[in-house]
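The values are calculated or read from the model by the stated rules, or taken from the named source; none is laboratory data. Please read all numbers here as calculations on a predicted model, not as lab measurements. Here the Cβ is made from the backbone with ideal geometry for all residues, glycine too, and neighbour counts use every protein chain on show.
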Amino acid sequence: MTKYFAPLFISVCFSSVVCSQTIQEDEYHHNQKQIIEHLSTPGLNKGRIRIFQDPRLDSLMSKHRLEAQSNLEISENVAYVVGRGYRIQIFSGNNQRESKNQAYSMETEIKEKMPNVDTYVTFNQPFWKLRVGNFRTYEEAQAMLRNIKKEFPGWKEMFISNDVVKYPIRRY
C-alpha cells in the first residue's frame, strides 16, 4: 500500500506546484483574475471545478481586496502605489506670515529649474514645509539631494526625511 501511496503523493504534490505556478502566471498576465473566478472558468484542456463555500467568505474576500487596493491612487491617467519612502525637506518655518510665502517661492524656483520633480508644500501646525520627490530608497534621495544642492547652493538646511510617497506603476 505504501509503495503505491508514495509515488501518488509525489505526483500530486508536483502537479499542484506546476498548477499553482501556471495559475500565478495566468493571474499576472490576465489582469490578476481572482483565484475562484479562474478555477470556475471552463477552458480548453481543463476539468470542471465547482466551488461550494460559505457566502460570508465572499464578504471577507471583498473586504480584503478593498484594503489591498486602498494603497492605490489614480490621477492624471497614472496609477500610483502609496507607501513608505523618502522625500527631501527643502524648507521648514514657523513664522506664519513669512514661511508660507517662502515655501511657495522656493517651490516655484525648484519647478523652474527642475520641472520633473514633484513638490509638496504642507502646513503641519505651526510649520510650513516644502518637500520634494517620491523616492523608494535612501540612495535615490541622496542623489537628488546632491543635484539640488548644486542647483541651489544658498539653501543650507536640506535633508532627507521618511514620508508616505507615491510610486507610479502604470499609465492609462
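In table form, for the structure just shown:
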quantity	calculated
Flag for residue 110 being more than 23 Å from residue 71 (Cα to Cα) and touching a residue at least 60 places away in the same chain (Cβ under 8 Å)	no
Filter pass, residue 146 being in a strand (DSSP E or B), modelled with pLDDT of 90 or more and basic (Lys, Arg)	no
Given (1) of a type outside the set (S, T, N, Q); (2) more than 24 Å from residue 72 (Cα to Cα); (3) surrounded by 14 or more Cβ atoms within 10 Å (Cβ to Cβ), index of the condition residue 112 fails	(3)
Whichever residue in the stretch 125-141 is touching a Phe, Trp or Tyr at 6+ places or on another chain (Cβ under 9 Å) and in a helix (DSSP H, G or I) and, among such residues, is nearest to residue 93 (Cα to Cα)	141
Any hit, the stretch 155-166, residues being touching a residue at least 60 places away in the same chain (Cβ under 8 Å) and aromatic (Phe, Trp, Tyr)	yes
Failed condition for residue 125, given (1) modelled with pLDDT under 95; (2) under 26 Å from residue 79 (Cα atoms)	(2)
Filtered residues of the stretch 91-103 (kept if touching a Phe, Trp or Tyr at 6+ places or on another chain (Cβ under 7 Å) and either over 19 Å from residue 125 (Cβ atoms) or not hydrophobic (A, V, I, L, M, F, W, C) (or both))	92, 93, 94, 99, 100, 102
